[in-house]
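Enquirer: After the structure tokens below, expect a handful of questions from me.
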């Protein structure tokens, strides 16, 4: 870390079998203040994902040519925590395929790339990871306004998304119609709450009727398994 660089709370695992490239990647990251760990195999990297005493985000930089039979366990652990993964690949045609493999924030960089491109990709992935909200199988990407349920994309209107975001941020708690109007709609005049009921019905049709529970004389709460 260079003088004057502020330490970052996020951790980065550089999983790269080539020693020279691994050192170069780690040095670039540490100069930007990241806590950086290095491994040349999935076996050596896995203990860092099992450390329950350190809950900080772990971003993984992964050589896409590593054996998939080994990488799957590591990527599954990253997916459980919504930790981002940056794949390094030599083939531009692989990017879309790599991004579709797991339901987690990920991107791919094609060799060769500059230190600036690396850091831009890392920062964008961390921003994406911070924008994710999850409730059971439901995931909201508040940065791009995308919703998935058990990995399947759902199409919501902007108002439906805003309403669902409020409910996801208060899991298991009842939210009054008045609060939903203020937060999701920005209304100050709270005389008409029927519009909330209409949008809740639309959300139920898309998410499943049992996902949003009516709380008598109060409002609604999200109920995800």
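We did not get these values from a lab; they are worked out from the coordinates using the rules stated. Worth saying up front: this structure is predicted, and the values here are computed from it rather than measured. When we count neighbours, we look across all protein chains shown, and the Cβ atoms used for this are built from the backbone with ideal geometry, even at glycine.
Enquirer: Could you tell me the calculated FRET efficiency between residue 41 and residue 144, based on Cβ-Cβ distance and R0 = 45 angstrom, to the nearest 0.05?
Expert: Between residue 41 and residue 144 the formula returns 0.85.
Enquirer: Can you tell me the equivalent ellipsoid semi-axes for the chain? Use √(5λ) from the Cα gyration tensor, largest first, whole Å.
Expert: 40, 18, 16
Enquirer: For region 11-130, rounded, prolate or oblate, judged on the Cα gyration tensor with a ≥ b ≥ c (square roots of eigenvalues), a/c < 1.5 rounded, else prolate if a/b > b/c?
Expert: Because its axes are fairly even, with a/c under 1.5, region 11-130 counts as rounded.
Enquirer: For region 94-225, just run the numbers: alpha carbon Rg, then divide by 2.2 N^0.38 Å, N being how many residues it has.
Expert: Compared with the compact-globule rule of thumb, region 94-225 sits at 1.26.
Enquirer: Grab every C-alpha pair in region 153-225, bin the distances at 10 angstrom width from 0 up to the longest one, and report whole percents.
Expert: Using 10 Å bins, I get a P(r) of 20, 61, 18, 1 for region 153-225.
Enquirer: Another one. Could you check the spin-label model distance between residue 113 and residue 72? Points 7 Å from the Cα along Cα→Cβ, value in nm.
Expert: 2.6 nm
Enquirer: So how do 30, 58 line up by other beta-carbon neighbours within 10 Å, fewest first?
Expert: The fewest-first ordering by Cβ neighbours comes to 30, 58.
Enquirer: Hey, another quick one. Where is the GNM fluctuation largest for the chain (alpha-carbon springs, 10 angstrom cutoff): 107, 44, 141?
Expert: Greatest mean-square fluctuation among the candidates belongs to 44.
Enquirer: Where in region 79-123 is the amide nitrogen less than 18 Å from a point lying 7 Å along the Cα-to-Cβ axis of residue 31?
Expert: 112-123
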